[in-house]
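Quick notes on the structure that follows.
Here, each number is a calculation from the coordinates, and none is a lab measurement. These numbers come from a predicted model, not from an experiment. Because the Cβ atoms are built from the backbone with ideal geometry, glycine has one as well, and the counts that use them run over all protein chains shown.
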There are 2 protein chains.
Amino acid sequence: MTNDNNIVTAAMLAIGDELLSGRTKDKNIGHLADILTAIGIDLEEVRIVPDEQGRIVEALNSLRQRYDYVFTSGGIGPTHDDITADAISVAFGVPCEHDAKAMKIMGDNYASRGIEFTESRQRMARMPRGAIHIDNPVSTAPGFNLENVYVMAGVPSIFQAMLDNVIPTLKVGTQLLSQSVNCPFGEGSIAVALGNIQAENPDTIIGSYPKYENGRFSTELVVRARDAAKLASAVSAVKAMIANLEATQLPR
Amino acid sequence: MTNDNNIVTAAMLAIGDELLSGRTKDKNIGHLADILTAIGIDLEEVRIVPDEQGRIVEALNSLRQRYDYVFTSGGIGPTHDDITADAISVAFGVPCEHDAKAMKIMGDNYASRGIEFTESRQRMARMPRGAIHIDNPVSTAPGFNLENVYVMAGVPSIFQAMLDNVIPTLKVGTQLLSQSVNCPFGEGSIAVALGNIQAENPDTIIGSYPKYENGRFSTELVVRARDAAKLASAVSAVKAMIANLEATQLPR
């Protein structure tokens, strides 16, 4: 885990055959990335694995040792292909069992709707021993947190609602501030000057993202830094570079 | 590598800080998943890593030993943050050098447009020694293939065009056929019956994907199999299950 310079790190483990077959286009990775960046946690790795216990266990154990936090999506429903709670339990070496609090809130909820709380539905109350609930305001069945791992649903509206409940409980680092500058030149025209600016501004991260539209390239330059003054200084240098290129009328 | 039962496996390594910060919402993973599924290659894992050489090398070496094919996206432009060619070279333990063929086609292309073929632009002609070109019909600078690794651009239109060039060269396995059945019941109502169908149809993979719309759940059931008859048999069982539930008027 990296804790120098007030940096808090995270990984995401997205679980599900449907993400790998193309049936479902993941929406949770981008949402988690947006939220973590906004609050000052650095998402440093994402993995997508199928609904296979061994693969989930292996990936989770690798990620949870390496990062401050791991967020998972998917596989916590009542059907036979929902194996995340079991896999997380195996990864931690603890039993997966029906949680008393989850049984109570889910039982009450089904009773109020006149729906039988079947064994299948009770599967959704199973979690690793010692896990803490993550409330599910959408459809009751909770996610859970064990040590630095947060296990949430794959349905985006539920993933997002669970994440909203988790966010206030997380320690955060110094936010990585970001500023974008649109550059009308392609990367080939700016690479040397931009590389020099990066070298002269070592406490910033300067990203160059080519866009290809209507047969020509332009570039979005993104400067990131944890210090506002250093960010502003590098952004000024980038803007000066663009102004200088415009004056020389280099090919765009 | 898994080659039993005519199965061909693949992984994707998406490279780029912008995917982890949320600035860019990846579009290449879903596209690759769709294409590979259609031609009979099983995408079994995806990783997203930042623009850091050590992280790229580690992930690539893990994936290329495990799967028949690895496809990468991102980091092959001319700017300082484009480090994929160097990282792949390090992973394979070969020098990263200007490729003569790439220098020629790029040099000719820039000359025809009256643009100087600067050292920055020449960076895009660098690849690991021994690599084979992947043609780039969009913007000339090639991707490359080394052993079972295919290195392509991050810009989706270029990634897709490069992939189109790669697809005909790949060995493929028996396609995993797929059929979807919409189910008006939530997972809690079908889990036991569906689990039984899965148990009775061991050569199929039955996925259950909850949808939550307008305050109620329904389910998309996806049956997959490499054998058409086995697929049809399991789909029939799923449809019979739904008809049976409709007859009993269980809560949906």
Segment B:35-53 versus segment A:21-45: alpha-carbon centroid distance in Å: 17
Of all DSSP beta bridges in the protein assembly as shown, antiparallel share, percent nearest 5: 65
Across A:LYS211/B:LYS25; A:LYS211/A:LYS239; A:LYS171/B:LYS25; A:LYS25/B:LYS211; B:LYS101/B:LYS171; B:LYS25/B:LYS171, pairs whose alpha-carbon gap is larger than 23 Å: A:LYS171/B:LYS25; B:LYS101/B:LYS171; B:LYS25/B:LYS171
Within a Gaussian network of chain A (alpha carbon springs, distance under 10 Å), most fluctuating of A:ALA228, A:ALA161, A:ALA131: A:ALA228
Per-residue Cβ neighbour rank within 10 angstrom, fewest leading, B:MET106, A:MET12, A:MET241: A:MET241, B:MET106, A:MET12
C-alpha center-to-center spacing [segment B:55-78, segment B:122-161] in angstrom: 13
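Rounded if a/c is under 1.5, else prolate if a/b beats b/c, else oblate: with a ≥ b ≥ c from the C-alpha gyration tensor eigenvalues square-rooted, which is segment A:160-252?
Oblate, since a/c reaches 1.5 and b/c is not below a/b.
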Sites B:ASN244 and B:ARG66 - FRET efficiency at Förster radius 45 Å, r taken between beta-carbons, to 0.05: 0.60
Across the identical copies, how the A:ASP108 labels are spaced - nm, sorted shortest first, 7 Å along Cα→Cβ: 7.5
Chain A, closest residue to the rotation axis toward B, by beta-carbon, whole angstrom: A:ARG47, 3
Calculated label separations, B:GLU200, copies of the chain, 7 Å along the beta-carbon direction, nm: 7.4
Using θ = phi - 60° and Karplus 6.51 cos²θ - 1.76 cosθ + 1.60, couplings along segment A:151-166 (whole Hz; Gly, Pro as x): 9, 10, 6, x, 4, x, 5, 7, 3, 5, 5, 5, 4, 4, 6, 7
Summed residue charge, Cβ within 13 Å of A:MET241's Cβ, Lys/Arg positive, Asp/Glu negative: -2
Whole-angstrom gap from segment A:87-111 to segment A:185-243, using each part's C-alpha centre: 49
Label point 7 Å beyond Cα along the C-beta direction, distances from A:SER178 to other copies (nm, shortest first): 2.9
Which of B:HIS133, B:HIS98 has the fewest Cβ neighbours within 10 Å, and the rest in rising order: B:HIS98, B:HIS133
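Can you tell me what share of the DSSP beta bridges in chain A is antiparallel? A percent to the nearest 5 is fine.
Rounded to the nearest five, the antiparallel share is 65 percent.
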Listed residues B:ARG113, B:ARG121, B:ARG55, most fluctuating in chain B (Gaussian network, C-alpha, under 10 Å): B:ARG113
Residues with amide H under 5 Å from that of B:ARG126, placed H, sequence gap 5 or more: B:ASP99
Karplus-derived 3J(HN,Hα), 6.51/-1.76/1.60, for each residue of segment B:205-211, Hz, glycine and proline x: 10, 10, x, 10, 10, x, 10
Beta bridge orientation in segment A:71-208: antiparallel %, DSSP, nearest 5: 75
Positive dipole terminus of chain B, leading residue within B:ALA10, B:TYR212, B:ILE132 (C-beta point charges): B:TYR212
